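Trainee: Got a structure here, written out as structure tokens. Questions coming.
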């Protein structure tokens, strides 16, 4: 059986929901969106352990997360991808929807993205 988790944003009525999906059906309760302050594109690692025939191995892959921050240090992760460029495309959509700044946290030294660099 295959299931996934994720998040959805409804810009028409300013709500969001964390979802659980099975066989293409999504479940989750809609909540009022907080007042988002900024977007962060973050680079991290995703680990997976594979077991089989009495042996196991662990794989780690680079992953990029698109987070929306609110209340100074709280955040919601709305997107995960293995492609940095894809993560910034999604961040740009949130920038256009909410008119908030983007923080590039993909390198050791974090930097704010100038809006003119998005185009």
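Trainee: So if I check each of 11, 25, 53, 68, which one is within 16 Å of residue 90 (Cβ to Cβ) and out of contact with any strand residue (DSSP E or B) (no Cβ under 6 Å at 6 or more places or on another chain)?
Mentor: Among 11, 25, 53, 68, only 11 is within 16 Å of residue 90 (Cβ to Cβ) and out of contact with any strand residue (DSSP E or B) (no Cβ under 6 Å at 6 or more places or on another chain).
Trainee: Which one is nearest to residue 16 (Cα to Cα) among residues in the range 74-90 that are more than 9 Å from the chain's Cα centre (by Cα) and touching a residue at least 40 places away in the same chain (Cβ under 8 Å)?
Mentor: Checking each candidate, the answer is 74.
Trainee: Answer yes if at least one residue in the range 99-113 is surrounded by 11 or more Cβ atoms within 10 Å (Cβ to Cβ), assigned to a helix (DSSP H, G or I) and outside the structural domain of residue 16 (by TED's automatic domain parsing), and no otherwise.
Mentor: Within the range 99-113, not a single residue is surrounded by 11 or more Cβ atoms within 10 Å (Cβ to Cβ), assigned to a helix (DSSP H, G or I) and outside the structural domain of residue 16 (by TED's automatic domain parsing).
Residues are listed down the side, and each one gets a yes or a no for (1) in a strand (DSSP E or B); (2) within 18 Å of the chain's Cα centre (by Cα); (3) outside the structural domain of residue 11 (by TED's automatic domain parsing); (4) crowded, with 17+ Cβ neighbours inside 10 Å:
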| position | (1), (2), (3), (4) |
| --- | --- |
| 45 | yes, yes, yes, no |
| 57 | yes, no, yes, no |
| 72 | no, yes, yes, no |
| 93 | no, yes, yes, no |
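Trainee: Determine which single condition residue 65 fails, assuming it passes every other condition in (1) surrounded by fewer than 16 Cβ atoms within 10 Å (Cβ to Cβ); (2) touching a helix residue (DSSP H, G or I) at 6+ places or on another chain (Cβ under 8 Å).
Mentor: (1)
Trainee: Also: Being under 26 Å from residue 113 (Cβ atoms) and either over 17 Å from the mean Cα position of the chain (by Cα) or loosely packed, with under 10 Cβ neighbours inside 10 Å (or both) is the filter here; which residues of the range 13-34 pass it?
Mentor: 14
Trainee: Looking at 41, 90 in this structure, which one is within 23 Å of residue 117 (Cβ to Cβ) and in contact with a helix residue (DSSP H, G or I) (Cβ under 7 Å, 6 or more places away or on another chain)?
Mentor: Going through 41, 90 in turn, just one is within 23 Å of residue 117 (Cβ to Cβ) and in contact with a helix residue (DSSP H, G or I) (Cβ under 7 Å, 6 or more places away or on another chain): 41.
The values are calculated or read from the model by the stated rules, or taken from the named source; none is laboratory data. These numbers were taken from a predicted model, which means no experiment stands behind them. Note: ideal-geometry Cβ built from the backbone for every residue, glycine included; neighbour counts use all protein chains shown.
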